[in-house]
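The values are calculated or read from the model by the stated rules, or taken from the named source; none is laboratory data. Since we're looking at a predicted model, the values are computed, not measured. Cβ sites come from the backbone with ideal geometry, for glycine too, and all protein chains shown count toward neighbours.
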């Protein structure tokens, strides 16, 4: 059986979003221990012209759910982008995971040859075949915002490392 588009992307979204839940748990612990308001962390950014942590997480979830929905030919859940706490962001992430887990993989895979039209900012639209859209646009966007969220928290001093980012990847320990 050939490796499918759903196999190469849907678990990637779920694993990364679950890792993000764990990273946000550590961020909440960090904020409580340092007596820092969560809102301070959520507004942190790596550069003055870059979106803050809050928006990075919103875009990561949007990339995963909207990209998946467009290819599968279904309606994506709407979020109002009104989160103001780590708890609210975790709810958004959990809802995104639940949506992706319910996607009909056959419908998603059938979208590989479909022309996908998608917004590029407020003024432009992109158009690509489904397989190129997922592999060259959705996954790249998703990883960019997921990585930036991780980097912001790491920069702030939250005790996270590469394993926090990778999430629950099955591993075995061998002697070196």
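Structure above, values below:
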quantity	calculated
Matching residues, segment 35-50, being surrounded by fewer than 20 Cβ atoms within 10 Å (Cβ to Cβ) and in contact (Cβ under 8 Å) with a residue 60 or more places away in the chain	44, 45, 46, 50
Members of segment 53-77 that are in a loop (DSSP other than H, G, I, E, B) and under 15 Å from the mean Cα position of the chain (by Cα)	76, 77
Scope segment 155-166; condition surrounded by fewer than 16 Cβ atoms within 10 Å (Cβ to Cβ) and in a helix (DSSP H, G or I); matching residues	155, 162, 163, 166
Those residues of segment 89-134 which are in a loop (DSSP other than H, G, I, E, B) and touching a residue at least 40 places away in the same chain (Cβ under 8 Å), in sequence order	103, 114
Test: residue in segment 135-145 that is more than 20 Å from residue 51 (Cβ to Cβ), surrounded by 11 or more Cβ atoms within 10 Å (Cβ to Cβ), in contact (Cβ under 8 Å) with a residue 12 or more places away in the chain and in contact with a helix residue (DSSP H, G or I) (Cβ under 8 Å, 6 or more places away or on another chain)	yes
Unmet criterion (only one of (1) at pLDDT 95 or above; (2) over 21 Å from residue 48 (Cα atoms)) for residue 166	(1)
